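The values are calculated or read from the model by the stated rules, or taken from the named source; none is laboratory data. Please read all numbers here as calculations on a predicted model, not as lab measurements. Cβ placement follows ideal geometry from the backbone for every residue including glycine, while neighbour counts extend to all protein chains displayed. Remember, those area values only see protein heavy atoms, side chains included, never the ligands or the DNA or RNA. Shrake-Rupley method; radii C 1.70, N 1.55, O 1.52, S 1.80 Å.
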Amino acid sequence: MLNKIKLWKNQSQSSTLRERIEDIKKLPVPRHVAIIMDGNGRWAKKRALPRIAGHHAGMKVVRKTTKLANELGIEALTLYAFSTENWKRPKNEVEYLMKLPEEFLGTFLPELIEENVQVKMIGYKEQLPSHTLRAIEKAMEDTKNNDGMILNFALNYGSRAEILDAVKRVLNDCQEGIIDMNELNEDSFSSYLMTSELEDPDLLIRTSGEIRLSNFMLWQLAYTEFWFTEVLWPDFAEDHLIKAIEVFQKRQRRFGGV
Ligand code: FPP
């Protein structure tokens, strides 16, 4: 009897989620969602587990989130997986984080291919261990003909460095006569950023209760709607992404107008 009640509860909960998903799809969904996945360490600490256990749990949530985002018709999902500042963490943690793309893609790449997802990356490739880069590049190559959702990993990414590099390349192109400084505008400057092929995010989500950007997409987030939650990333569930989008759909975006 108890099992029957549990089953009924699960079914009714999942049908509610299903209804909310169908409702969301009736309105414009954010085309590009960016997520600062924070709180893995605290999640592990609460369970007296090593920090890397939190990152492992966080990796599984990446899979669930990707699947739902794709189902909702989101065109691009950018996930902040490792910042240019994260090298300061203990060696074993950095090594573990650098193994996650291989583990994730080793397990899930066939499903991503089947779901028509395109894997991409922003960030500095040069400092990545060769095994990490190999996994990402293989996934990019194997999904390059897909035309569904872009799953964009921000890996060894830092926004200030990205902007500074763009400025240097703009100056160089001005000197070489490739571009005219007077014709430089926001659109043409954007094409010098690592996100040149992507629209700016419509929605930014940050988990774990921290209310800051941590050097993430500073230029690209100029007009983005923000949604913060206390939930730690490994606890981030379908319900939370749905909630974030429901809130987004109720907001009025004015882009500086009235
Ligand atoms: C921040 O939490 C999280 C990270 C620096 C790593 C995020 C990585 C994942 C969620 C897995 C990525 C998966 C793939 C496939 C690349 P924190 O460790 O700073 O948490 P804390 O603030 O609670 O210590």
(message) For region 123-132, which positions are over 18 Å from residue 108 (Cβ atoms) and outside any loop (DSSP other than H, G, I, E, B)?
(response) 130
(request) Answer yes or no: is there a residue in region 101-115 that is part of a loop (DSSP other than H, G, I, E, B) and at pLDDT 95 or above. (result) yes
(message) Which residue is most open to solvent (accessible area, probe 1.4 Å), if the candidates are limited to region 195-217 and must be in contact with a Lys or Arg (Cβ under 7 Å, 6 or more places away or on another chain) and closer than 21 Å to residue 163 by Cβ?
(response) 199
(request) Select from region 138-151 the residues that are without any contact (Cβ under 8 Å) to a residue 40 or more places away in the chain and not in a loop (DSSP other than H, G, I, E, B) and list them in ascending order. (result) 138, 139, 140, 141, 142
(message) Can you confirm whether residue 97 is within 14 Å of the ligand (Cβ to nearest atom) and either in contact (Cβ under 8 Å) with a residue 12 or more places away in the chain or within 23 Å of residue 71 (Cβ to Cβ) (or both)?
(response) yes
(request) Filter region 46-87 for residues that are within 11 Å of the ligand (Cβ to nearest atom) and either at pLDDT below 95 or of a type in the set (Asp, Glu) (or both) and give the result. (result) 85
(request) Have a look at 108, 104 and point out the one that is touching a Lys or Arg at 6+ places or on another chain (Cβ under 6 Å) and within 14 Å of the ligand (Cβ to nearest atom). (result) 108
(message) If a residue must be without any contact (Cβ under 8 Å) to a residue 60 or more places away in the chain, in a loop (DSSP other than H, G, I, E, B) and either touching a Gly at 6+ places or on another chain (Cβ under 7 Å) or among the hydroxyl-bearing types (Ser, Thr, Tyr) (or both), how many such residues does region 164-203 contain?
(response) 3
(request) Identify the residue in region 230-258 that is part of a loop (DSSP other than H, G, I, E, B) and touching a helix residue (DSSP H, G or I) at 6+ places or on another chain (Cβ under 6 Å) and, among all such residues, is nearest to the ligand (Cβ to nearest atom). (result) 232
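Search region 86-120 for residues being within 21 Å of residue 44 (Cβ to Cβ) and touching a Ser or Thr at 6+ places or on another chain (Cβ under 8 Å), and hand back the single one that is most open to solvent (accessible area, probe 1.4 Å).
Filtering first and then ranking leaves 99.
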(message) Looking only at region 42-66, how many residues end up being within 26 Å of residue 224 (Cβ to Cβ) and either under 13 Å from the mean Cα position of the chain (by Cα) or free of Cβ contacts under 8 Å to residues at least 12 places away in the same chain (or both)?
(response) 8
(request) Report, by residue number, each residue of region 26-45 that is part of a loop (DSSP other than H, G, I, E, B), more than 7 Å from the ligand (Cβ to nearest atom) and either open to solvent by 20 Å² or more (accessible area, probe 1.4 Å) or among the β-branched types (Val, Ile, Thr) (or both). (result) 27, 28, 29, 31
(request) Would you point out which residue out of 135, 161, 154 is in contact with a Phe, Trp or Tyr (Cβ under 9 Å, 6 or more places away or on another chain), of a type outside the set (Lys, Arg), more than 15 Å from the ligand (Cβ to nearest atom) and touching a residue at least 12 places away in the same chain (Cβ under 8 Å)? (result) 161
(request) Quick one: count up the residues across region 194-225 that are touching an Asp or Glu at 6+ places or on another chain (Cβ under 6 Å) and away from the ligand (no atom under 16 Å from the Cβ). (result) 3
